[in-house]
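Quick note: the coordinates plus some simple rules give every number you see, no bench work behind them. Here the structure is a predicted model, which is why all the values come from computation and not from measurement. Note that each Cβ is placed from the backbone with ideal geometry, even for glycine, and that neighbours are counted across all protein chains shown.
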Ligand SMILES: [Cu+2]
């Protein structure tokens, strides 16, 4: 039997180290503009780390296969039959099952609770989705179609609704996303950490994230994070009923 496991093991370790280092040092995540955003980013990074050894073993076997079995012009015959390896199969099953259960609990349940479970908020904004625009309603009844303005450092609850089909309310900079369902009010929370506009970061916008028709891709408006005083001034300028 060919002793291929040793070079494959070394390649596996090497590729794993490389992928882990890339995950750690090459930042591919956009800037976070909300306190809750780290939950989503941490979950993403955790899955990248857990996936690194899995991808590494595929790369290791492929690399070693290409080196060891490259054509030398001679005819090759099939090797002996391979039979199952009980220890390997059992270990594989236990390890992968344990990992799957682990990620369902954390970041699955624990992360979702942190993002959506805590129901306290300082302020509520109504978000109504329609083909193909967003209508924002503030506490005094003032409405806006052209942008969403939120106060910084305040935990905002979004009460999300739809007038026609399924949409999805998504602010990439906050890592906030929830379905907009006709007849149901769904809720999601964010606490913006700094003042800013879409000119600072293209991800400061509402973007529909559920294919809802021909205008789906254009269903996007800017998000502006402002100070408390500026926020009150803005709502007054809209002219509500109170
Ligand atoms: Cu859409």
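Before moving on, here are some points about what is shown:
- Computed from Cα atoms, the angle from the helix 86-103 axis to the main principal axis of the chain rounds to 10 degrees.
- If R0 is 22 Å, the Cβ-Cβ spacing of residue 118 and residue 228 corresponds to a FRET efficiency of close to 0.55.
- On the principal axes of its alpha-carbon atoms, the chain has extents of 85, 36, 34 Å, going from largest to smallest.
- As a calculated quantity, the FRET efficiency between residue 237 and residue 44 at R0 = 41 Å, using C-beta atoms, amounts to about 0.60.
- For the range 104-242: Kirkwood Rh in Å [reciprocal of mean 1/r, alpha carbons]: 15.4 Å
- Per-residue ellipticity at 222 nm from helix content only, as computed over the chain with -39500 (n - 2.57) for each DSSP H run of at least four residues, stands at -11500 deg cm²/dmol.
- When peptides 120-129, 5-14 are ranked by their average number of other Cβ atoms within 10 Å per residue, the highest-first order is 120-129, 5-14.
- Nearest-ten-degree value, helix 5-25 long axis tilted from longest Cα axis of the chain: 20 degrees
- Pairs of C-alpha atoms in the range 35-93 farther apart than 13 Å represent 78 percent of all such pairs.
- Peptides ranked, highest mean first, by Cβ atoms within 10 Å: ranges 72-85, 31-44: 31-44, 72-85
- Oblate is the label for the range 1-108, because a/c, from the alpha-carbon gyration tensor with a ≥ b ≥ c as root eigenvalues, is 1.5 or above and a/b does not exceed b/c.
- Cα shape, the range 153-209, gyration tensor, a/c 1.5 rule: oblate
- On Cα atoms only, tilt of 228-238 relative to the major axis of the chain in degrees: 60 degrees
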